[in-house]
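The values are calculated or read from the model by the stated rules, or taken from the named source; none is laboratory data. The model shown is predicted, which means the values in this text are computed figures rather than measured ones. Virtual Cβ from ideal backbone geometry, glycine too; neighbours counted across all protein chains shown.
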Amino acid sequence: MKKVLIIAYDFPPYVSVGGLRPFSWYKYFKEFGLYPIVITRQWGNKYGTQLDYIAPSETNETIVEETEFGTIIRTPYKPNLSNRIILKYGENKFRFLRKLVTAYYEFMQFLFFVGPKAGIYRGAKKYIKKQKVDIIIATGEPFVLFKYAAKLSSKFNVHWIADYRDPWTQDKSRGNNPVRIFKDKLLERQFLANASGVSTVSVFFLSQIRQNVETRTNLICPNGFDEENISAVQNISQGNEILSIGFVGTVYNWHPLEIFLKVVSEFVTINPDKNIHIYLYGTNLSQDDFDNLLEKFSALQNHFFKIPRMPNEELLRSLAERNLLLLFNYYSYMGTKIYDYLGLKRKILFCFSEDEESEKLKAKYFNITSKTPVNEKLQEELLLETNSGIIVKNSAHLFRVLDDLYTEFETSKKIDCFSNGIEEYSRRNQAKKLADLIKSVVEEEEKKGYRDKETRRQGDKVTRRQGNKGTRRQGNKGTKI
């Protein structure tokens, strides 16, 4: 069985969408003929917030876990000075100093093996010195993991695949500093130069990556939903007393959250007998941000709730109790939450397809640009293909949709969802695609190595024959003399 070294920063028990992707590889690769070894950092859920991302590990020793699925190597994590200041004094203290420290490590980690993430490289290097692996796959971001994989590939003659969960140098959210952009473009080209392949979540992302680097073997490997976790919540019924809407994850600046809340606020104000609850799960909104929204939309004081981060299994159980799942327009890419939404078979409320105010937010904040025309209706097409949601055009349409849905809820005490064809989008199926790519890369490189070896062997034969002929000629000439 071929061994795959998976370099991943986000990984359970840390609660993040990014960690679910490599976890699915770890969970399913063995089923498809690959043995996974995950190199990650130690994680804890001490705070249940984003502070867990910078909290120190409980031990300075590397932890090795052997399970039925494979091996997990958890390296120690020590926060840098900036992170230690946040943990001790909060986010509002010593901001300038923290920015300097963060900038220092953001730059220096690409030149030297320094900073909080470098422990992953040292752990991977230590493992490969003792144990042979057939291929490495690094998933970013953080994209410094690509540097680690490229260095390990060169040092130990092991091929590697770069997995992009997001584009690197084309992401405007990383800032518009010309020096940073130039640096990242050079680094991306440098690290990808010896990669045997690239995998990413969409055709659009692959086209973005190709704007800066030449890729070899490529695979579009979308995210998906976990079949086992979804199966575990299939028997959970929707709430039948209050119409509830759930939303998971990050609220970006280009998300029309306030537009959505304004409509719901107007709806419950005009219809005081109609009760709607909105739940934000694991959101990045601070408590101050959330309180400001409640103050702005005072009619939602007893309708709008912020739920802290929780493990994926718990999250799915809670989401299964919701009647509707809110999805904001991601335009040219899918996002991740849409797949769990599909798996749960709860009707998806897609906002918005042609709303003027939302378009203004997109123009100002949307963080991915393209030099060529792209499909900006991927989510809409998937929802229509699977019959799993309502495409809401704008705020006026949303008001009418809420009215219709509430009538349905009053009548049947649930919101029906007659989705179909969602099985293709399970994480297991996506892991199989990646496993097939990995095996093809390994087999091709083995064949190439065999051909190179055979070429060298044939060359040695030719050299020996030429050497023997030369010896005989010299010998004959010597006899004549």
Residue match in region 275-283 (condition: among the aliphatic types (A, V, I, L, M) and in a helix (DSSP H, G or I)): no
Pairs where the first residue, in region 72-84, is in contact (Cβ under 8 Å) with a residue 12 or more places away in the chain and the second is of a type in the set (Gly, Ala, Ser) and not in a loop (DSSP other than H, G, I, E, B), C-beta under 7 Å, 6+ apart: Ile73/Gly123; Thr75/Gly119; Thr75/Gly123; Pro76/Gly119; Tyr77/Gly119
Whichever residue in region 336-359 is of a type outside the set (Phe, Trp, Tyr) and in contact with a Pro (Cβ under 7 Å, 6 or more places away or on another chain) and, among such residues, is farthest from Ile391 (Cα to Cα): Glu357
Residue within region 404-422 that is touching a residue at least 60 places away in the same chain (Cβ under 8 Å) and touching a Cys at 6+ places or on another chain (Cβ under 7 Å) present: no
Any hit, region 17-31, residues being under 24 Å from the mean Cα position of the chain (by Cα) and in a loop (DSSP other than H, G, I, E, B): no
Counted residues, region 40-68 - those being surrounded by fewer than 12 Cβ atoms within 10 Å (Cβ to Cβ) and in a strand (DSSP E or B): 2
Within region 357-378, tally of residues that are at pLDDT below 70 and of a type in the set (Ser, Thr, Tyr): 3
All positions within region 198-212 that are at pLDDT 85 or above, buried (at least 19 other Cβ atoms within 10 Å of the Cβ) and in a loop (DSSP other than H, G, I, E, B): Val201
Ser358 vs. criteria part of a loop (DSSP other than H, G, I, E, B), polar (S, T, N, Q), in the same structural domain as Ser265 (by TED's automatic domain parsing) and in contact (Cβ under 8 Å) with a residue 12 or more places away in the chain: no
Meets criteria (modelled with pLDDT of 90 or more, of a type outside the set (Gly, Ala, Ser) and in contact with an Asp or Glu (Cβ under 6 Å, 6 or more places away or on another chain)) for Ile85: no
Filter pass, Thr169 being of a type outside the set (A, V, I, L, M) and at pLDDT 95 or above: no
Options Leu326, Leu293, Leu319: the member that is touching a Phe, Trp or Tyr at 6+ places or on another chain (Cβ under 6 Å), in contact (Cβ under 8 Å) with a residue 12 or more places away in the chain and not in a loop (DSSP other than H, G, I, E, B): Leu326
Residue match in region 426-434 (condition: at pLDDT below 95, over 28 Å from the mean Cα position of the chain (by Cα) and part of a helix (DSSP H, G or I)): no
Test: residue in region 77-98 that is out of contact with any strand residue (DSSP E or B) (no Cβ under 7 Å at 6 or more places or on another chain), among the hydroxyl-bearing types (Ser, Thr, Tyr), closer than 25 Å to Arg21 by Cα and crowded, with 19+ Cβ neighbours inside 10 Å: no
Residue in region 74-90 that is part of a strand (DSSP E or B) and closer than 22 Å to Pro311 by Cβ present: yes
